[in-house]
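Reviewing the structure listed below.
The values are calculated or read from the model by the stated rules, or taken from the named source; none is laboratory data. Remember, predicted model here, so these are calculated numbers, not experimental data. Cβ: placed from backbone, ideal geometry, glycine included. Neighbour counts: every protein chain shown.
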Ligand code: NDP
């Protein structure tokens, strides 16, 4: 019988890797997790957590402006970026320590250093070899920078979260999650912001009506939209950067941020030594149990590029541990996973877009409402909320729910339970609203529009 140093060796102590380690150890496995940077991974160290703290910070700017309509007089409000970074860093460090304690208490051995797969059942960290019965790759993803002249002058979300000073003028390249979220953060903290996006609408893959609406909302919030625009080159000047757009326009800014997608961290991991080939995006192909082409090597989270969200990685890691160490085969259901973009306003959704629903079901009933939130009545802010439901035209089952609103993320979580439970439009109609709220619109929508063809 083979004896190994560990029953499970996990590469990467992010959301998926840590959950898998702890659960496998709780089942009695001897577990090691290797991490080259800091415990907690992207979500805790340079993603969800610090981003959300910065989003909160940025919202006070808007609240201060809006407060005037409610009778407040605030004089001399100013923001100290470096003080925010300090308190945010302290919170991230606290969470990192909590992760360390959880792993320690769970009996998981943490090995600091970059791990590579050295052979079947063998992992090497800092020139030390370890053997393991199972290997789990949970190395996440990393920001990708487009290939344009001057690309080396761009920063990514990694650097922005550690910057010492706020830029007065910033150009953000990209139109996805990170671009929309950081546009709101910079704007709320006082920067002038340009979003330069190659597409004609933001957030590809989202419902088209939502995409149109969020673009209009960001523009109404004074974010300078440059849609269907490319960056031809970036040049450093004495006191900033020049961003040359394909249209001929030149933006003068203090910071250029690339928010142009993330690439799975599979480079020089040694996957070829166990016969695992990555796909064109660099992701590790896995089956529904997160197993790779090599029987005893598994992968979870962003490195597999399935649905790149923290709760998904955590679920995949947990399901892997249940399957392999808990004798309870379990898969992650990637359908109807709710998600939110923490832009300002937020965008949140669960289920199908109108376009996907039409393609899948032929005809659907679409209910939507665009309205001015109550707060805007006194703040005077030019903002609109969008609430949208898509129902199967035959049986009324809700196929998709979408909302663009402040606190949209908080609202969609409850709606996601209804979708998962198979709720119909009649169930929504039978539910009374919470008044006055934006969320109540989900249960008061009337007047269906029958839709069979995607909007353009
Ligand atoms: P996204 O894939 O969301 O967006 C990337 C953007 O960059 C797109 O608008 C894309 O345009 C554009 N782009 C890509 N390549 C180029 C290029 N060469 N030149 C110009 N533009 C380009 O990636 P993000 O980096 O914003 O986020 C990565 C992932 O991380 C998200 O998809 C999400 O899964 C996750 N995430 C989740 C968050 C949350 O849950 N709140 C927050 C942040 C990230 P096009 O649309 O035309 O391809």
Flag if residue 108 is over 18 Å from the mean Cα position of the chain (by Cα), more than 16 Å from the ligand (Cβ to nearest atom), within 19 Å of residue 35 (Cβ to Cβ) and buried (at least 20 other Cβ atoms within 10 Å of the Cβ): yes
Residue under evaluation residue 187, criteria (1) in contact (Cβ under 8 Å) with a residue 12 or more places away in the chain; (2) closer than 22 Å to residue 249 by Cβ; (3) within 15 Å of the ligand (Cβ to nearest atom), criterion not met: (3)
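Only residues that are part of a loop (DSSP other than H, G, I, E, B) and within 27 Å of residue 377 (Cα to Cα): list them for the range 432-456, please.
Within the range 432-456, 432, 433, 434, 435, 436, 437, 438, 444, 445, 446, 447 qualify.
Does residue 149 satisfy the criteria of being exposed (fewer than 15 other Cβ atoms within 10 Å of the Cβ) and within 15 Å of the ligand (Cβ to nearest atom)?
When the stated conditions are applied, residue 149 passes them.
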Single residue of 247, 268 found to be in a loop (DSSP other than H, G, I, E, B), surrounded by fewer than 17 Cβ atoms within 10 Å (Cβ to Cβ) and under 28 Å from the mean Cα position of the chain (by Cα): 268
Breaking point among (1) at positive phi; (2) surrounded by 15 or more Cβ atoms within 10 Å (Cβ to Cβ), for residue 32: (1)
Single unsatisfied condition, residue 15 versus (1) within 16 Å of the ligand (Cβ to nearest atom); (2) surrounded by fewer than 17 Cβ atoms within 10 Å (Cβ to Cβ): (2)
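Residue by residue, here is whether (1) surrounded by 22 or more Cβ atoms within 10 Å (Cβ to Cβ); (2) in contact (Cβ under 8 Å) with a residue 40 or more places away in the chain; (3) touching a strand residue (DSSP E or B) at 6+ places or on another chain (Cβ under 8 Å) holds:
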position	(1), (2), (3)
257	yes, yes, yes
273	no, yes, yes
276	no, no, yes
289	no, yes, yes
293	no, no, no
296	no, yes, yes
300	yes, yes, yes
303	yes, yes, yes
309	no, no, yes
Filter result (assigned to a loop (DSSP other than H, G, I, E, B), closer than 19 Å to residue 384 by Cβ and either more than 16 Å from the ligand (Cβ to nearest atom) or out of contact with any helix residue (DSSP H, G or I) (no Cβ under 6 Å at 6 or more places or on another chain) (or both)) within the range 199-226: 206, 221, 222
Residue 25 being farther than 29 Å from residue 192 by Cβ, in a loop (DSSP other than H, G, I, E, B), more than 22 Å from the chain's Cα centre (by Cα) and at pLDDT 95 or above: no
Test: residue in the range 116-128 that is out of contact with any strand residue (DSSP E or B) (no Cβ under 9 Å at 6 or more places or on another chain), away from the ligand (no atom under 16 Å from the Cβ) and farther than 23 Å from residue 269 by Cβ: no
The range 152-171: number of residues that are surrounded by 18 or more Cβ atoms within 10 Å (Cβ to Cβ), in contact with a helix residue (DSSP H, G or I) (Cβ under 8 Å, 6 or more places away or on another chain) and under 16 Å from residue 259 (Cα atoms): 4
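For (1) within 25 Å of the chain's Cα centre (by Cα); (2) within 12 Å of the ligand (Cβ to nearest atom); (3) modelled with pLDDT under 95, each residue gets a yes or a no:
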position: 252; (1), (2), (3): no, no, no
position: 312; (1), (2), (3): yes, yes, no
position: 321; (1), (2), (3): yes, no, no
position: 344; (1), (2), (3): yes, no, no
